[in-house]
Amino acid sequence: MQCQECGEIARDTTLRYCENCGAKMPTPPPGARRTAARPALPAERRAAPARAALPGDDTEEQPEDTPVRRVAREPERAEPEELRGPPYDGPIWLAHVPAHSPSVLGVGLLAVALVLSILPFFADVGPLWSLVTLAGGWLVVARELRAVGERHSLVDWIPDSLLHPAVPALYAVVVAVLAIRMLGVGVTPVLWAGGAALIGVDQYRKVYVGEEGWSRFLDPRQLRVGMAPVALAGVALCLLSLFLSWEAKATAATARGPIPSGPSELRVMDQTPASSDVVYNLLDMPHDAGWDQPLSVLVALLLLGVLGLMALRPEVPRPEALRFAPLGVLVVCLAWLIFNGVLSWGPVLFLVGLVATGFVSVYGSFSFSREA
């Protein structure tokens, strides 16, 4: 289309005014479409600064011929490998456990068992041993975290003197005895057995095995030498007796109370209670077992301590008074039996095992004095 004033030919037939002189362009024919883009602006109008200068801005203006550069966002710096530590390539079930330690997982299972024992229909180990389990588990977790260099505000302030290797060793023995005490069918017995097994296996590998471990003092094979197997069988019999009844059975006359009076239409019938049903008590432990007696767990630990003294290596130096320690343990256990025992299968078997252990202890004490 051609301008009638200046004769400029426009490529775009839809323009209404001439781009050269500004005169009105002739009316385009109907159905005309835009055939080309608007021509580029002149060079002097196209070369604009990259940004408008703000008042008080001392930044030098960019030259007109300099293209505008886009600043790319700087990628995040990767954390150094020294801070992240080496990648974990251990068992999957320990990937999210602090310090990747089976002992920490075992303490967690014991903590869950203690929390569940608050409810009335879950078995518990009593307030004293619950406190011992929590305090000892706290020290074990602190030792495991400190061994791998992990930090936590709950355990960082614990002094190193409380993290001696004897702490996890004794804790493993205590939770093992408590797991034996909790043997049965239920949720809490499974948690106690699993937690004690994890702690025992892990601490055996870390504390007992090795040149600096407790294996240089203790040797379980010493319990197969001489009279030691008799003491081992006696202690096992004592622990087994704690699962039996330690209370006398009440007679039928004393078990029944006075028959309440009432209307003549009502009759009192003797019915077998559900608790005396064989099917009901098939998987249930007796409520008057030896483990339910006061200080039963402490007595079991003392008997295991006697076996520990017998398992000492012969070349390990020991004080002279230590040979009388098993005799003192036997006196304490005998006093506990007299105070809590009655004429039933549990106390009788405990007495038999105690006599066997005492005989070996007396024999070992006198033989040690003759060798000295």
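The values are calculated or read from the model by the stated rules, or taken from the named source; none is laboratory data. Values in this document were obtained by computation on a predicted structure and should not be read as measured data. Reconstructed Cβ throughout: ideal geometry from the backbone, glycine too, with neighbour counts over all protein chains shown. Just so you know, the surface numbers come from the protein's heavy atoms only, side chains and all, with ligands and any DNA or RNA stripped out. Shrake-Rupley method; radii C 1.70, N 1.55, O 1.52, S 1.80 Å.
Just a few scattered comments:
- Evaluating Ser365 against the criteria (1) modelled with pLDDT of 85 or more; (2) over 16 Å from Ala233 (Cβ atoms) leaves one unmet condition, (1).
- Within the stretch 272-310, no residue satisfies the criterion of being modelled with pLDDT of 60 or more, β-branched (Val, Ile, Thr) and assigned to a loop (DSSP other than H, G, I, E, B).
- Comparison of Ser101, Ser130 shows that the only residue that is without any contact (Cβ under 8 Å) to a residue 40 or more places away in the chain and crowded, with 17+ Cβ neighbours inside 10 Å is Ser130.
- Qualifying residue in the stretch 158-172 (condition: open to solvent by 70 Å² or more (accessible area, probe 1.4 Å) and either part of a loop (DSSP other than H, G, I, E, B) or touching a residue at least 40 places away in the same chain (Cβ under 8 Å) (or both)): yes
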